[in-house]
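Laboratory data are not the source of any read-out in this text; all were calculated from the coordinates shown. Owing to the predicted nature of the structure, the values given are computational and were not obtained by experimental measurement. Don't worry about glycine lacking a Cβ; one is built from the backbone with ideal geometry, like all the others, and counts go over all protein chains shown.
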Amino acid sequence: MEKQELIIEHDQVTVEVELGGEQIAHSHRPVVVKEAGHAPVYYIPLADVAPAALEPSLRRTRCPLKGEARYWHLRGGGRRVEDAAWTYDHPVPGREVLRDYVAFYPERVDALRVAPTRG
């Protein structure tokens, strides 16, 4: 993969996220972002995340390939973790599929499982 290249694919997997022993997200509709120099990142629809799990953060960063990232604190099972997830409310042209999807830092949650979808 060339430097600065980014590939977004729909993937036939199930993604589950746990925090504090509680499942806060479960999706059969993820997209995976493959970016040169980075591990693949799974994004799932915001609709597949427990509404009480997301708390807005003031943190923002900018990626030239995706746009401005908005961060979220996570709550689950009595735990709160700051800036553990992010979204792109207004992705750059060509990356609109990321709108209304959220990604999680695996090291900031108790579990982020990716498994083949049974069909």
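Could you list which residues have their amide H under 5 Å from that of residue 63, counting only those 5 or more apart in sequence or on another chain, with H placed in the peptide plane? Answer set, sorted by chain and number: 68, 69.
Mean separation of Cα pairs under 8 Å and 6+ residues apart, divided by the residue count of the chain: what relative contact order is that in percent? Don't skip to the end; give the middle numbers.
Working: 270 pairs, mean separation 31.9, N = 119.
Computed over the chain, the figure is 27 percent.
Inter-label distance, residue 63 to residue 50: 2.6 nm, where each label sits 7 Å from its Cα along the C-beta direction.
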